[in-house]
Structure formats: C-alpha cells, structure tokens
Amino acid sequence: MNSEPNTLLLHGWYGDGQENWFPWLKDQLEANGHTVFAPYLPDPIHPTPKAWQGVLDEFKEDMTDGIVIWHSLGVPTAIRFITHNHLSISHLVFVAPTFPEQRHIIDLSQYEWLIETEERFYADSEDLEKVSHLCEKIDLFLSKDDPYIPYDHALMYYSQIDGIKLHSFENKGHFNQAAWVTEFPELLETLESA
C-alpha cells in the first residue's frame, strides 16, 4: 500500500499537465511512491471556475491529507477547492500565483475578456483565512523577474495567509518553459522535507 500522500498537480491559464516542470516533477514524485494526478483542466485559454471546479471535484475523495501544487491562475481555484470542500491538506504549494490587484498593474485594457476571466477566479479574504487552517504546510514560490506576476504584489499571499513560507528567486520568470524552467529541484526538496 502507498504510504506517500496523493499529489494533485495543476496547471494554470493556457497550460496543461504536460508542460513546464510538471512531467519532471510527476516522474520524481512517482519514483518516490506518490500517486500523482495531473489532469487537463477544460478550456485553459478561456477558463471558468465552474468548469475547473467540476474536474477538481473528481479528486476530492483522494486528497484528504494530500499535497496540492498549483501554478499561476489556478491558485485561487485551489484555495476555493480546499475551503469549499473543507479538505485537510498536508501541503499546499503556490507557484507564481495571480492576485486580485494584478489587473491594475498590467495594462489589460485591450483584453476585456482577460480581465473578466481573472476576476472570476479570485479567492476572497475569507477563503485565504480558511485555507491557512485547513493546510498543515503552505509554500509560496515567486520570482522577481516574472513578466506576468509583479513580485511585490504577489506577496499579498505571504501577508494574508498565516504560516506561509516564501521561496524567492531572481531568475525563474513565470516558472515555465519560456524561462527555461523544465525541472524544479527546489520544489521537490521542499516536498521531501515536509
């Protein structure tokens, strides 16, 4: 029987579970005895929280005391998934998360649909407070050169979630292939030290 916790590895906007560092991390965790779920979330170009939550609900029975890792836009969805299902999670990891104030920092005026998409995904302060009580350990990975997520503003999660641990980098961009991040040993080390 598997003694390692189940792991839910989730992509963000324009993503899928076979890009960036996901395949590498999935292989590493499975080699260490984890069962890893890396589902494709529907319509990642024009996503809706309801469609993504529908996929996540398929995994809620498997995730008690599990690990949830989410990249970019998916972070607010992960928070909602955990809080609305009252899941006890052993380890929650945010990688380059979007945040509510982002639409005011980056000029998205020509992309009205983009603003509307982001606004539907934001977690509220009540969910941020709840998630800190439902997760045994929470880690936040940010890079100061992320072209999409301004570092100082993404620190919102660090200031609003009790007990979150910050991992700060200078040169990992948005932690994606465009920034040459196809392996993520720092994240694996964090998971192994839990």
Next on the checklist: As a test question: what accessible area, to the nearest 10 Å², does ASP27 have when a 1.4 Å probe is rolled over all protein chains in place?
Outcome noted: 90 Å²
Next on the checklist: Test of the criteria: in the stretch 121-194, which trypsin sites (Lys or Arg not before Pro) are in a DSSP loop and have at most 14 other Cβ atoms within 10 angstrom of their Cβ?
Outcome noted: LYS144
Checklist entry - What spacing in nm lies between the two simple spin-label points modelled at VAL55 and GLU126, each 7 Å away from Cα in the Cβ direction? => result 2.7 nm
Checklist entry - How much accessible surface area, in Å² rounded to 10, belongs to the heavy atoms of GLU61 with a 1.4 Å probe? => result 150 Å²
Checklist entry - Any idea what Rg and Dmax come out to for the stretch 1-88 if you just take the C-alpha atoms, in Å? => result 12.5, 39
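Quick check on the chain: take the gyration tensor over C-alpha atoms, sort the square-rooted eigenvalues as a ≥ b ≥ c, and tell me if it's rounded (a/c under 1.5), prolate or oblate.
Here the chain falls in the rounded category.
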Checklist entry - Out of ALA178, ALA96, ALA38, any idea which swings most in a Gaussian network model of the chain, alpha carbons joined below 10 Å? => result ALA178
Item to check | When each of LYS130/LYS165; LYS60/LYS165; LYS26/LYS137; LYS50/LYS165 is checked by Cα-Cα distance, pairs over 23 Å | outcome: LYS60/LYS165; LYS50/LYS165
Checklist entry - TYR14: accessible area at probe 1.4 Å, nearest 10 Å²? => result 130 Å²
Checklist entry - With each run of n ≥ 4 DSSP H residues scored as -39500 (n - 2.57), what mean residue ellipticity at 222 nm is computed for the chain after dividing by its residue count and rounding to the nearest 500 deg cm²/dmol? => result -9500 deg cm²/dmol
Checklist entry - Quick one: length gained pulling LEU188 to GLN160 fully straight, 0.36 nm per residue minus the C-alpha distance? => result 7.6 nm
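The values are calculated or read from the model by the stated rules, or taken from the named source; none is laboratory data. Remember, it's a predicted structure, so these values are computed and weren't measured experimentally. Every residue, glycine among them, receives a Cβ derived from its backbone with ideal geometry; neighbour counts consider all protein chains shown. Areas reflect the complete protein model, heavy atoms only, side chains present, ligands, DNA and RNA absent. Shrake-Rupley method; radii C 1.70, N 1.55, O 1.52, S 1.80 Å.
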